[in-house]
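Below you'll find the structure, written out as structure tokens, and then a few comments.
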Amino acid sequence: MKSTQTLFYITLIIGVFAINDISAQYGYGSPYGNRYGRRQSTVPQAGPVESQKEETPLTAEEIVDEQMPSITEALELDPFEEAVVRTSLVQSVQQRIELQILELEPLKMKEEIEKIRLRQDAELKAGLPADKYEAFMELQENRFNTKKVKKRKKKKKNKD
């Protein structure tokens with residue numbers, strides 16, 4: 001009985017001294033989380049990926065350049081008409097970008113955008129033939145969806 005009791009005390013003393021080493025296994029380096037604070041993710045964190053770069057906002061010219069091929073194709077513009085449309089659109093888009101930067105009151109913003117739209121419409125009406133101007137306005141109403149405008153053009157040609 002005395003030997004059993006001695007064995008029990010020796011095991012208890014070894015356990016008390018070993019508790020630090022045992023708890024260290026489940027501490028900071030443990031994949032199961034830190035018992036003293038926030039859990040750490042078991043998935044390693046990847047570095048920044050090239051596709052996640054900060055995207056710089058497009059300039060007015062870049063925005064217009066993206067849309068010009070579809071506009072030119074839908075309206076069948078010649079080089080002069082294309083230059084007129086491109087110039088007018090670049091100016092309008094640039095002014096709209098500037099308005100967004102200013103962050104005006106909603107009513108004032110609406111008035112200014114309406115002025116820009118009217119100026120753009122006047123420039124386009126002066127620089128384009130009437131049928132192409134109407135087709136552009138239709139294209140603008142459809143948010144530059146060229147499929148709808150092409151269908152209408154085909155219908156008009158068939159009627160003539």
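Set side by side, the residues Glu134, Glu105, Glu76 differ, and just one is surrounded by fewer than 16 Cβ atoms within 10 Å (Cβ to Cβ), modelled with pLDDT under 90, out of contact with any helix residue (DSSP H, G or I) (no Cβ under 7 Å at 6 or more places or on another chain) and of a type in the set (D, E, K, R), which is Glu76. When the criteria are applied in full, Arg119 fails the requirement of being under 23 Å from the mean Cα position of the chain (by Cα) and modelled with pLDDT of 90 or more.
The values are calculated or read from the model by the stated rules, or taken from the named source; none is laboratory data. A quick note: this is a predicted structure, and the numbers were derived from the prediction, not measured. A quick note on method: Cβ atoms are made from the backbone with ideal geometry, for glycine too, and the neighbour counts reach across all protein chains shown.
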